[in-house]
Structures are given as structure tokens and as C-alpha cells.
1. Accessible area lost on pairing B with A, both sides, 1.4 Å probe, Å² to nearest 100?
2. Work out the FRET efficiency for residue A:604 and residue A:1 from their Cβ-Cβ distance, taking R0 = 51 Å, and round it to the nearest 0.05.
3. Would you mind working out the magnitude of the charge dipole of the protein assembly as shown relative to its Cα centre, with +1 at each Lys and Arg C-beta and -1 at each Asp and Glu C-beta, to the nearest 20 Debye?
4. Looking at the square roots a ≥ b ≥ c of the eigenvalues of the Cα gyration tensor of the range A:267-312, which shape do they give, rounded for a/c under 1.5, prolate if a/b is larger than b/c, or oblate?
5. Under a crude label model (7 Å from the Cα following the beta-carbon direction), how far is residue A:114 from residue A:493 in nanometres?
6. For the range A:112-203, which chymotrypsin sites (Phe, Trp or Tyr not before Pro) are both in a DSSP coil and crowded by at most 10 other Cβ atoms within 10 Å?
7. Looking only at other chains, what is the average number of their beta-carbon atoms within 10 angstrom of each beta-carbon in A:431-440?
8. Let me spell out the model: positive unit charges on the Cβ of Lys and Arg, negative unit charges on the Cβ of Asp and Glu, origin at the Cα centre of the range B:6-127. What dipole size does that give, in debye rounded to 20?
Amino acid sequence: MEYLAGEYDVIVIGTGHAGCEAALAAARMGCKTLVLTLNMENVAFMPCNPAVGGPAKGHLVREIDALGGEMGINTDETNIQVRMLNTGKGPAVHALRAQADKKLYQARMKKVLENQERLDLKQALVERLLVKGESVEGVVTRTGAVFKARAVVITTGTFLRGRIIIGDVSYSGGPNGQAPSLGLAESLKEIGLELGRFKTGTPPRVNRRSIDFSKMIIQPGDEKPHNFSFMSRKRYREQIPCWLTYTSEETHKIIRENLHRSPLYSGMIEGIGPRYCPSIEDKVVRFADKPNHQIFLEPEGRDTEEMYVQGFSTSLPEDVQIKMLRTIPGLERVEMMRTGYAIEYDYLPPTQLKLSLETKKIKGLFSAGQLNGTSGYEEAAAQGIIAGINAALYVRDREPLILKRSDAYIGVLIDDLVTKGTNEPYRIMTSRAEYRLLLRQDNADLRLTQMGRSVGLVDDERYRVFEQKSRLIEQEKNRLAETSVAPLEEVQNFLLSKGSSEIKQHTLLIDLLKRPEISYADLRRLMGDFPDLPEEVAEQVEVQVKYEGYIKRQLEQVERFKKLENKKIPEWIVYDEIKGLSTEARQKLNKLRPLSVGQASRISGVSPADISILLVYMEQKRREAPEEA
Amino acid sequence: MVDDTIAAISTPIGAAGIGIVRVSGRQAIPIVEKIFRSLKKRKLADARNYSLLYGHIVDLEGRVIDEVLVSVMRGPHSFTAEDVVEINCHGGVVAVRKTLETVFRAGARPAEPGEFSKRAFLNGRLDLAQAESVMDLINAKTEKSLKVAVNQLEGKLSVEIKKIRAELLELLAHIEAGIDFPEHDIEEVSRSQIEQKTRDILGKIDALIDSAGTGKVFREGLRTVIVGKPNVGKSSLLNALLKEKRAIVTDIPGTTRDVIEEIVSIRGIPLKLVDTAGIRETEDLVEKIGVQKTKEVFEEADLVLFMIDASTGITEDDRDIFRLVKGKRNLVIVNKTDIRRDIDISDMEKYVEKEDVIETSLLHGRGLDKLEARIEELVYSGLAAGQEELLVTNIRHKNALEKARRSVEGVLKALDAHLPTDCMAIDLKEAYDSLGEITGETVSEDLIDQIFSRFCIGK
């Protein structure tokens, strides 16, 4: 018996990292929002490693934060260790990474959802989507509750027809012992969406008390931990170390002897797994000459003895897993608490989506997160906030927020997914970004907070902080460009002591700062009377001045890129009508229906000549019907 | 893309006479200004629309390339509705090509097939009825250039470019893997390793640029062989090319030296003339041609000057020789046309282009001009045999190589300035993409594939 249980502006299905951001974004933008979870205990759950951030992923977290999302603050409030990685490799690839306390992370996020104005959090299994004509209307739960809404965001992760595989054992299920979702997959197919199948995996968890850390190398956090959020001011926290050890020859021997029992090699797994997250058996086979592989032991939280065995993802049978673990130095007497497993699940090939993350087929239906073929909490959250924002804008009949590849890693991520699709679970990487020197983690707020403000997600306090920071940066850059230093002996000595060359005449501070060997802190030491600026402002000034040449170059590239990006392709375009397009280009364009000429040019199989013909055709059409267009 | 400035030769390239280099785009006037010296010291920027300015095109080092007339047409009153500058060159093929190259160096980029027309249409200069023909034009020209590209790609150039790209990718992937997976035990590339590899790559790019177009010909000379039956006039040709009467071979055929080489300069192009003693006045011609030494000479030849005697018509001897040389780049020289002109060379015509048949009367010094002009044209259009093999004949390719070179130099500069590796990655990636323009491969997935296949990465 179905009954009308409520009417909303936006419904979000799922409370993983995508669902949480989507629901919060929609509610904070003023929409009456419902978020449904399969299990109230699993809000913002981390089914895999207890870490947030790292190269490109940390960039995503900063960007989510800059737009007004929750992941950054939530990580800052609950982490147990923080490290800034890549510090020696250039400002664009500095990457913040935090070890999370899984339980705390969940608890705090749940509390934020519960206390958010206009947001209802309910436990329910969605069986079916309600679709009328070409538009979504709401959802129906297993218990017959009908919730209506103009926009629905699906963020069901790996739950759709999930199947767990451990060696020769396999059963239907979601991650970490939860129930899978079966009905919704059918419902998606019924409304005409295609589904594909992916695979991923997770390593075993072990009891800290059974580990001999004296045989491992300690991995402490940074002495001065950074925060993800531009709003966090927290500086000190008690940190818990991780530990490094290595597999041994014995480990590899056991793996080789048991390969025939691996579902990957027996053909039991059909889904495609990610290359960057290979199982240990995969590593041993593919890199046979490597005598050992590194293994990190990472605490799952402050109040638990469970430790995550990073680098040891496996779907070998349980008995083999235990045997393998005990060949690793420090784990000779280890007790396994949870068994590693592989999970196969349905995903929605993302080429069926628009850049707004709305499905091309059904109006008002959005999709975000692992369901779209990605992997990673950060990738999920990044799509979640965009889907939430665009669901809210859709309800208001406003234009969607689309971040360009030159705006943010989020833009790179979504454009890659929607334009190119993916044939393995997609992970963001800094090498995927063309304009990496512009998309730094230190300037995410300068890139995105204004956009977050325009759509109504950035609150007054965040906006005030942002404005003040921008102002201070400009002031300080101007000051450095106006202040000069004379070629006095003490100045020359200072320069020489830094391995720099002497100056011949009065020299502007900004020009000194451009020298690779002179830092902002050096200038402060040299001059003495420097303004007392927040660290992040000084950092920003330094990066902007020092890398000006490269930044300028990338800005020029972006200008060229934007020209094609801003050339919109009208929705009514009929590719079959365009003579001269290559057959492959025609098929791809018909299938993907890119929004702009720039997007079209990134589709594989669409050549520059095809683009030229498309431009001429568009101009032809525009002139034929100048009034209506 | 729509905003940058493009250039191309807008007239079919003929052997002599006028050729026009057309430059179109926002920077057209400033770009040509950089390389144009008006005789009356006038500035292009001040020139009236459609007026002609007389002066010289000079290269960026200030050397004069050609005497030219330049006209300025400002948008929207031009063919493309953008600022257009047309350079009318007078010095023949060579000058036109050199001028175009100089325009590229000054900041324009090569026009895509049909791009002038495309711009004209997009900017409203052509009417709707012409849209279809613009699309056809893009198509036809693209197909043609693709064909050329494919031919070239099957050759050595693509092999070389792919090698360099593979090296760039390897270095880049190593750097990037370290950046994207900092905590995996990937051995970091040291700065000295980066420097060494980068210098190595730079050397290889340089070698390719050197070979571009005329590079090798000018360095090593165009290996040219004169063949023909006895008494056809080979010595006369040789001497005419040497421009002095002197015996360059011994009197006794095939006895003292097997091969004689002489270098002569034809319109500035060094021709390495190879005479084969073996094919000189002997009785048993074909047998002699079969000897190993002679074969080698043919194999190495970039150009064969095959002489026929118009007074005797085509004989069996001629056919025998032609069979041996028809695979090479041939110029057929029909000599002694003062005696008789109407000889039938139809058996050879299917192997030889019309422009490659040259009538001469060496005794009266006639036809030599045409021969020299044709040789010059072959060299500058990259059609001489040695050039096909040696790679870069296409100005677009050369441009791409030079772009790649600048990027690779950027890496060395960054190393020098102690900049971090992610700055170098930008340049490496640019170099990789520039070279990819030549082979048509710029998909960035290469990098990711390389990272995952080479490094053991994962959690």
C-alpha cells in the first residue's frame, strides 16, 4: 500500500560522501530537502581506507570547502593525523592528506545533517523512481512511502546489485556487511538508463594489539598540521602515527601458490577494477621482479584497535589472507578482524549525464559519486556538492553551475567523466589537469568562493573571510611592487648568504621575491618592518609572485581554451544533417551531445576538421534563423 | 583558435614568378611589421587600406630574403573580415617559402586546410550559399593533407617522432608518478637525470629540425647522377653545370677511377655530381651497370639526370637504362633538340611527370635554365629523393618541432633556475603535445597509462 509521505524540492538518495554534500548544498541554498539512507549508522561511512586527501584529492576537498561544502571542516574536526605531501615538488602539487577517525567523522557529519535547517534525514530503502513523461517526480520506498520532489539526486555508491567476493565465496551484498540495493537498479533500467559493471576491493583490518611495531618504520604527522577548510583555525591536535612495513618473499610465494583460488584469475569477477588500486596478488603478478611491496598500517580511529592494512587489498580466500599477513615483518602474530574482499557493483556510465550531472534522459534526475563510475570519497563528495547545487538551481529554474577544466579539479573530474566516459573506476590525478599551476590547493577559495556565493551556498562568514584574504593579498603585492631596497652592504651580504647575486641599484622587493632562492620569509628577515599577515596570505603572495611567468603562460592557454568553451552548441542541432562530418565524429557527437564546441573537441574521434565543419554549420544555421535563435 | 593569426601561401607554387603569402588575424599587421623594411621607411600600421608598399622582407636576424610588395587590408574590409596582410614575393619558390617561414617565426601559425574561407564565412564575409562549399573545401583539403601525412607517417619521420615522444613520456610519467603517488616507493627522478634526459631529447629534436626541408641537402649536397647512353651529351651536361670546359675524368673508361664526385652550386643548392665510370662509354652497357659499385651509386642517388638523344630517338639502350633508374627521382633530359624535336617518349611518360621532362640543346646552351629551375623547385618543395627519406619536409611539422624545442629548452631553464619539478612537467607535456600534432596523437590518457604500466601503484 503506497501513501504520500511528503513533498520536497530535492530528494537525495544515499548518505555517503556524495549524498551528504548534495543534501547539505541543496538545503543550505534554501531548498526543502529530504535525504534517505539505507542505514542510519552508515552516514558518511568510509568503507575503505581511513584517509582523506592526497595529491589532487586534497585539491578536491579544498574546492568543495571553497564552494561551501562540509568535507573539509568535517575532516579538520575529526582527523587523527595530518601531512602535507609533495612539499618539495612545487606549489601546484602540494597535497594535504589526513588520517580520519572513521567513527568521529561519521558522527559529526550525521549531526550536521540532523541539525541542518530545511533538511530531513530518514532511513528508507528506495525501490523505485517516479517519472512522469521526461521528468522525475519523486521516489517510492520499500515500505510504500511516496516522497515527491522536482529534483532527485541518486548517490547510491556501490550498493546497486552489489556482490561481495572473497576467494571462492561470493554473496549478494553492499560494502562492509550491508544489504545491497536491487530494486533501484531495475527502476533505472526501466526509465532507459544503461548500467555497467565495475569492481573494487578493500584490504583486511587487523588488531593493533597483535602487531609488533618494533619491526616497522614510524610515519608521524606534520609538526605544524594544516587544515583543509579555509574556515578552520585549529592548529594543534594530538596525532597518531601510521606504520610502514614490507611484504616478504614468503608473502609472494603464498600468493603465487594460491593464485588459482583468486576470483580475479579464475574468471569469477567480470567487472573492471581500477589500475591504481590493484590487489596485492595483482601487484605480485604484474611486477614479478619487485622483491617486496610496501604496506602501511593505518589506525581506523582514536577509540578502536582496528588498523587498516594499506597496500594489501585482496580477494584471495580468507585462510590465504591470514597466512599472507603473517609473513609480513611485524605481523607474525597478527589477528585479522575483518576480511579483505572484492565488490562488484552496477554503475551508471557517466556519458549519460550532462556537465551539470543531470541525466540527459530524465529532467530533474541527477546522479553523483561512485555510481557514476568514480572511486574515492573526495571524488564522490565533489560530484555530490555539484549535483546538490544544480538540483537546487534546477528547482529554481536557474542556469546550472558548471565548473570548467580551468576553474577546478572538480571541473576536470566531471568533464572527463561526462565527455570521455571511463572504463575503470575513475580516480582524479594531478596529471589529468591541463592547468595545474592555476588549480592549486592554496588558492581554491580565490578560484571558487565567489561562485559558491553567487549560487547562494557560501554564507556571510565565509564570504567575509574570503574578501578579507583577497584584499590583503592585493595590498601586499602592491606594497612589494612599490617598496625598494638599496644596494647597501648588509643587503648584499644577505643576498650572498642566500646563494643569490648582488643588486646593482635600488631594487623592488617584488623583483627580489621572483628570485628562486629568496623566500617571502627571507624578505621579512631582511627588511624587518613587514606587516603582520596571516600565513596563508603570505603564502599566496609568494606563490603568485614567484611563479608569475608560468601562471601567465597557463592563463594564456586558458584564454584560448575558453574561446571554444564559450561557443555553445544549441540543443536542437541535428548532427545527421551536417554534411562532411566523419562517420565516427557524427556517431560520437550524437551520443554525447556536447554543450560547447570546446567539449566536442575533447571527444576522441572528433578531429579539428570536424570542429571546423561544425562551426561553419552552426553559423549557417544561425544566419538562416537569426530572429528565433 | 579563432583569434590567433594564421598564414599560408595563397597562390599555387609555380617555378618562377610571383607568389603570395597571406597573413590573417588580429596580429597580422604587427607580425609582418617585424619582418618588413619599407624602402621609404613607411610603417604598415600607417599604410592606407589596399595600398601597396614596396620594400624587403628580412629575417629576424635582419638578412634580406626577398624584394616584395606588401598590401594591407584591415578588417572587416578584407576577405576574412580580419586584418589581412599579403606579401607579394618575386624571387620564386624559394623566396616564397622562406618568407612564409619567417612569418611563422614572427608569430603566425600555419593555416588549417580551408581556414581562410572558414574565417571569411564565420565573420560574415561569405553568404549562406557558400557555406556548403566552405565545408567541402575543409573536407577536400583535409583529406589531401591527411594523405600526405599518412605517407609521411609511414616513413622515418614518424618513427623518429614516436621515439622522441616515448622518451618524453617516460620522463614525464616518472615525474608525474612521483607527484601523484608520493608515498609509493617510486624512485624519485633526480634533477641531474632530468637534465641528462632533456639534453638528449633536445639533441634529437635538433637533428630533426636540421633535416627539415633543405637542411640535409645544404649540408651534404644533393647526390645527383647523370646517366645516358654513349654520346648522348653527358660530358657536355657535366661541363655545362660546372660552367667550365675541363676534363674531369680520365680518357680511358673504367680504368683509373670508378666514381668521380664534383660539387657544383646550382642556384645556391649544392649538387654532388656523381659520374659513374662504369657507365661511361663502354660497349657492354647493361652488364656494366649491373656491377656492384654502380648499383650502390644508384641506390644512394637523390636525383638521377637521365639523358636521351633526340636525334636518334629512343633506343633499346635507353630503355635498358631507364628500367634501372625508374624507381628513383628522375629528370629526363632530351638533348640535341636542335637536330630533331619530335621524339616519342610515351613508354616513359607513365613514370615521369611532365614537368620532369626537359628539352635541351647543350651545344647551343639552351634549356639549362629550365633544368636548373626544376632542380631548385624540387629541392625547395622537398621532392628530391634524399629529402623524402630524411624526414621533415612539411613546414607545419617543422613548426611543431620548433615549438617542442622551445618547451624542452624551458625545462632546462627551469632546472637552471632551481624551479620545482611540476614546472618542468608543464614544459615536458607541451613538448609531448607539440610532437603529437605531427603524428596526430595528443590524447592525454597516454600519460596515465604509462604511469600505471610502469609503476607499481596502489593501496
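The values are calculated or read from the model by the stated rules, or taken from the named source; none is laboratory data. Worth saying up front: this structure is predicted, and the values here are computed from it rather than measured. When we count neighbours, we look across all protein chains shown, and the Cβ atoms used for this are built from the backbone with ideal geometry, even at glycine. Each accessible area value is taken on the protein alone, full model and side chains, heavy atoms only, with ligands, DNA and RNA left out. Shrake-Rupley method; radii C 1.70, N 1.55, O 1.52, S 1.80 Å.
1. For chain B against chain A, roughly 5100 Å² becomes buried.
2. Step by step, r from the Cβ atoms, then E = 0.50.
3. For the protein assembly as shown, the charge dipole is close to 1280 debye.
4. Oblate shape, in that a/c is at least 1.5 and b/c is the bigger or equal ratio.
5. So the two model labels end up 6.4 nm from each other.
6. Answer in residue order: no site qualifies.
7. So the per-residue partner count for this stretch is 4.
8. Numbers: 18 positive and 13 negative charges, 62 e Å.
Around 300 debye, computed over the range B:6-127.
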